[in-house]
1. For the structure I just gave you, tell me whether ILE137 is surrounded by 17 or more Cβ atoms within 10 Å (Cβ to Cβ) and in contact with a strand residue (DSSP E or B) (Cβ under 8 Å, 6 or more places away or on another chain).
2. Taking HIS246, is it surrounded by fewer than 19 Cβ atoms within 10 Å (Cβ to Cβ), more than 28 Å from CYS95 (Cα to Cα) and at pLDDT 95 or above?
3. In this structure, does VAL110 turn out to be under 18 Å from VAL40 (Cβ atoms), crowded, with 21+ Cβ neighbours inside 10 Å and not hydroxyl-bearing (Ser, Thr, Tyr)?
4. Is it true that LYS169 is exposed (fewer than 13 other Cβ atoms within 10 Å of the Cβ), more than 19 Å from GLN115 (Cα to Cα) and assigned by TED's automatic domain parsing to the domain that holds ASP92?
5. So if I check each of LYS211, LYS186, LYS228, LYS235, which one is outside the structural domain of ILE112 (by TED's automatic domain parsing), surrounded by 13 or more Cβ atoms within 10 Å (Cβ to Cβ) and not β-branched (Val, Ile, Thr)?
6. Would you pick out the residues in the range 55-105 that are of a type in the set (S, T, N, Q), surrounded by fewer than 19 Cβ atoms within 10 Å (Cβ to Cβ) and either touching a Leu at 6+ places or on another chain (Cβ under 7 Å) or closer than 20 Å to LYS163 by Cα (or both)?
7. Is one or more of the residues making up the range 151-162 part of a helix (DSSP H, G or I), crowded, with 20+ Cβ neighbours inside 10 Å and either of a type in the set (Gly, Ala, Ser) or not assigned by TED's automatic domain parsing to the domain that holds VAL73 (or both)?
Amino acid sequence: MSEIDKKVEDWLKGPEEKEITPPALPYEEKLVAFIDILGVRDKVKEGGDDAAQVVNIMRQIRTYVETECDPLVKKERLNSLQIGDGFFIVSDTDCINEICKILSMIQWQVLIYSQMLLRGVLTAGKVSVGENSEFFIGPAIIEALELERQNAIFPRIIYENKKIEKYIKKEDFDFKYIVEDQDKIKYLDFVQYNIDNEQLTKEELEKLLAKHEVNKELKERYEKYVCKNKRASQKYGWLISKLAIHGIKII
C-alpha cells in the first residue's frame, strides 16, 4: 500500500473515538418564578391569519419584564428567559423582596396596559443557568412549571412559602402583600400592592381601569365564557371578585 493510500485510509477511518467528559454544570440555590400569559390562544384565533396583534402584545409584555428586571440584571443578580407566552425569572435568594415587587408590577402592567391576565408561581430550589441565559434547567424549574399548571389556576402568582423559607430568614422578608386564598394557597396580592404603591383612591383606581378599558375587557370576557367555558370564566370571575373587594364593580 502506497503512502498516499495509507493516508486516505486513515482519513476515512476518522479520528479515534474517545469518551469526553462534559464539564460540570453545578446547580445553585435560587428563587425561581414562572409566569404565563392567559388568553393568548384566544387572541391567536381571533386574529386569524394576522399575527400582528399577538406579536405586539408579547412585545409589550417582554418590555414590562425586561424593564422591571433590569436593575437586578445589571447587578448580575437575576436572569430571565422567555419561552413562548411564558417567562422564567431566576434570582439570588436574598432578592426575595425585590422579586415579589417585580412580579407584582409585571402582573399589574399586563392587566392595565395590555388588558391581559397572567398566572404563575414563585418558588425556590436548585437550578442551573446557561451562558447568556440560553437555558434554565434543574429541579426548581420543573417544579415551577408543575405548580403553575396544577395550583395557580386563577390569574394569581402563587407563593410557595415552604420552599422559599428553606433559603431565606423570615426577618429578611418584609414584603407584606402575601395573602391566603380560599383554597389555602398563598399568592401575591398584586392589586393591593399597586394600589398602595401608587397611592390610588377607589375613584382613581376606577378611572384608571376605565381609561384603559380593563373593566370593559373583563366584563366582555367573563360574559363570553360563562355559558360555554366554565374554566375560562372562573379565571375572569376570580379577578372580578378581587376588584370587588376594593369597591370596583365590574358586573
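The values are calculated or read from the model by the stated rules, or taken from the named source; none is laboratory data. None of these values were measured; they are calculated from a predicted model. All Cβ positions, glycine included, derive from the backbone under ideal geometry; neighbour counts span all protein chains shown.
1. Values: surrounded by 17 or more Cβ atoms within 10 Å (Cβ to Cβ): no; in contact with a strand residue (DSSP E or B) (Cβ under 8 Å, 6 or more places away or on another chain): yes.
Considered against the rule, which asks whether it is surrounded by 17 or more Cβ atoms within 10 Å (Cβ to Cβ) and in contact with a strand residue (DSSP E or B) (Cβ under 8 Å, 6 or more places away or on another chain), ILE137 comes out as no.
2. Numbers: surrounded by fewer than 19 Cβ atoms within 10 Å (Cβ to Cβ): yes; more than 28 Å from CYS95 (Cα to Cα): yes; at pLDDT 95 or above: no.
No, not satisfied.
3. Numbers: under 18 Å from VAL40 (Cβ atoms): yes; crowded, with 21+ Cβ neighbours inside 10 Å: yes; not hydroxyl-bearing (Ser, Thr, Tyr): yes.
Against the criterion (under 18 Å from VAL40 (Cβ atoms), crowded, with 21+ Cβ neighbours inside 10 Å and not hydroxyl-bearing (Ser, Thr, Tyr)), VAL110 qualifies.
4. Working: exposed (fewer than 13 other Cβ atoms within 10 Å of the Cβ): yes; more than 19 Å from GLN115 (Cα to Cα): yes; assigned by TED's automatic domain parsing to the domain that holds ASP92: yes.
Yes.
5. On the way: LYS211 fails: surrounded by 13 or more Cβ atoms within 10 Å (Cβ to Cβ); LYS186 fails: outside the structural domain of ILE112 (by TED's automatic domain parsing); LYS228 fails: surrounded by 13 or more Cβ atoms within 10 Å (Cβ to Cβ).
Answer to the selection: LYS235.
6. Applying the first criterion (of a type in the set (S, T, N, Q)) to the range 55-105 yields 56, 60, 63, 67, 79-80, 82, 91, 93, 97, 104.
Filter once more, keeping what is surrounded by fewer than 19 Cβ atoms within 10 Å (Cβ to Cβ): 56, 60, 63, 67, 82, 93, 97.
The answer is THR93, ASN97.
7. Going through the range 151-162, the residues part of a helix (DSSP H, G or I) turn out to be 151-152, 161-162.
Keeping just the survivors that are crowded, with 20+ Cβ neighbours inside 10 Å gives 152.
Right, trim to either of a type in the set (Gly, Ala, Ser) or not assigned by TED's automatic domain parsing to the domain that holds VAL73 (or both) and you get 152.
Within the range 151-162 (the criterion being part of a helix (DSSP H, G or I), crowded, with 20+ Cβ neighbours inside 10 Å and either of a type in the set (Gly, Ala, Ser) or not assigned by TED's automatic domain parsing to the domain that holds VAL73 (or both)), the answer is yes, since at least one residue qualifies.
Here's the yes/no breakdown for (1) modelled with pLDDT of 90 or more; (2) more than 28 Å from LYS169 (Cα to Cα); (3) among the aliphatic types (A, V, I, L, M):
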residue: ARG41; (1), (2), (3): no, yes, no
residue: GLU46; (1), (2), (3): no, yes, no
residue: CYS69; (1), (2), (3): yes, no, no
residue: GLU76; (1), (2), (3): yes, no, no
residue: PHE87; (1), (2), (3): yes, no, no
residue: VAL90; (1), (2), (3): yes, no, yes
residue: GLU98; (1), (2), (3): yes, no, no
